[in-house]
1. Starting from region 3-82, pick out the trypsin sites (Lys or Arg not before Pro) whose DSSP state is loop and whose Cβ has at most 13 other Cβ atoms within 10 Å.
2. So how far apart, in nm, are the two label points at Phe37 and Ile71 if each is 7 Å from Cα heading toward Cβ?
3. Which three lengths, in whole Å and largest first, does region 5-98 cover when its Cα atoms are put on their principal axes?
4. Taking the Kirkwood radius as the inverse of the mean 1/r across Cα pairs, report the Rg/Rh of region 1-59.
5. Between Ile45 and Ala27, how many nm apart are label points set 7 Å from Cα along the C-beta direction?
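None of the figures in this text is laboratory data; all of them are computed from the coordinates on show. Since we're looking at a predicted model, the values are computed, not measured. So basically every Cβ, Gly included, is an ideal-geometry build from the backbone, and we count neighbours across all protein chains shown.
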Amino acid sequence: MNATAGSFRHLRIAVILVLSVLVLGTAGYMLIEQLSFVDALYTTIAMMAKLGLLVKPLSEYGRIFTIAVTILGVSYASLSNATWSRIEVGVKESRYLDMSRME
């Protein structure tokens with residue numbers, strides 16, 4: 001198979017980065033904006049998904065924090081998707097090459 005252990009290692013790192021933004025974003029909103037856990041989690045996911053939904057207006061520090069959460073969340077989610085796609089293409093390419101060799 002063309003999908004090597006290195007590819008899965010990159011995927012694991014990308015997923016860890018996404019989860020890190022999720023955890024740190026939630027904690028940040030709880031500290032900066034005094035949001036409950038559920039509201040902070042909701043806001044973090046909304047920002048990472050580029051929905052822009054807020055449970056309350058944000059302070060200046062909250063808006064700056066939101067910029068960082070959005071940029072990092074979208075970037076790491078895109079990295080994760082690109083890594084997964086690369087693995088999928090490698091697997092399909094490998095299967096195609098195996099089938100063509102059998103003919």
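1. Hits after loop and neighbour filter: Lys50.
2. 3.1 nm
3. Principal axes ranked by extent give 57, 20, 20 Å for the Cα atoms.
4. Value, to two decimals: 1.19.
5. If labels sit at Ile45 and Ala27, their model points lie 2.0 nm apart.
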